[in-house]
Amino acid sequence: AQSVTQPDIHITVSEGASLELRCNYSYGATPYLFWYVQSPGQGLQLLLKYFSGDTLVQGIKGFEAEFKRSQSSFNLRKPSVHWSDAAEYFCALPVQGAQKLVFGQGTRLTINP
Amino acid sequence: EAQVTQNPRYLITVTGKKLTVTCSQNMNHEYMSWYRQDPGLGLRQIYYSMNVEVTDKGDVPEGYKVSRKEKRNFPLILESPSPNQTSLYFCASSSGLANYNEQFFGPGTRLTVL
């Protein structure tokens, strides 16, 4: 069955520190993968997406993600976080011809000043 | 501005009182969908629509109805809400069903059923 797992429910990092949010997927073929961010009281905004080619994907707001087929992972990274990055982050996998997105459980990011 | 709008943004109601959450998009998207978000579960699809008059069930359709009479609108109907439908609801739209097409999300509707 297709699934997405985000092992970390909540992560706290200090402002200026590096960040890595984990995402593992289960899918029978080469997946397409998305990372979305949900700021407090807001809808979901697409940060970046992987659908082929280069396994290192650049996104908005200084985020990047690396697709690793051998590890079934698509981890999100940022070299230096800002207080405004505090939000909930979702990894998602389109399935059934993209009739739906399968989401991970989400990772809530807290930034310490 | 290209956007998906939902109304209301917040709603408190009582068990059994029919309600409708509206969703509208101005991007001429064919595909629209409803999700609910619950803590620890991420977002789960309720219903989706591939075009006008074409709707289908997602993973958690029980207790919900939808309609797609116009391309831009996709209302979510709870005919007899129950407390287990207390959740955060998101409407989304997309220009098509290619796996790489981004889904655009509305701001969410927080529903509480007492």
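Return the residues of segment A:1-12 that are open to solvent by less than 20 Å² (accessible area, probe 1.4 Å) and either out of contact with any Lys or Arg (no Cβ under 9 Å at 6 or more places or on another chain) or of a type in the set (A, V, I, L, M, F, W, C) (or both); say none if nothing qualifies. Across segment A:1-12, the qualifying residue is only A:Val4. Checked against (1) over 12 Å from A:Leu19 (Cα atoms); (2) more than 13 Å from chain B (Cβ to nearest Cβ), A:Glu64 passes all but a single condition, namely (1). Return the total of residues in segment A:76-94 being open to solvent by less than 30 Å² (accessible area, probe 1.4 Å) and either more than 8 Å from chain B (Cβ to nearest Cβ) or within 10 Å of the chain's Cα centre (by Cα) (or both). Summing the residues that are open to solvent by less than 30 Å² (accessible area, probe 1.4 Å) and either more than 8 Å from chain B (Cβ to nearest Cβ) or within 10 Å of the chain's Cα centre (by Cα) (or both) in segment A:76-94 gives 10. Looking only at segment A:69-113, which residues are modelled with pLDDT of 95 or more, under 22 Å from B:Tyr100 (Cβ atoms) and of a type in the set (D, E, K, R)? Residue satisfying the conditions is A:Arg77 alone. Looking at A:Leu46, A:Leu21, just one residue is crowded, with 19+ Cβ neighbours inside 10 Å and under 22 Å from B:Arg44 (Cα atoms), and that residue is A:Leu21. Just to be sure, is B:Met32 assigned to a loop (DSSP other than H, G, I, E, B) and within 26 Å of A:Lys49 (Cβ to Cβ)? When the stated conditions are applied, B:Met32 does not pass them.
The values are calculated or read from the model by the stated rules, or taken from the named source; none is laboratory data. Remember, predicted model here, so these are calculated numbers, not experimental data. Cβ sites come from the backbone with ideal geometry, for glycine too, and all protein chains shown count toward neighbours. The protein model used for the area step is the full one, side chains on, heavy atoms only, and it has no ligands, DNA or RNA in it. Shrake-Rupley method; radii C 1.70, N 1.55, O 1.52, S 1.80 Å.
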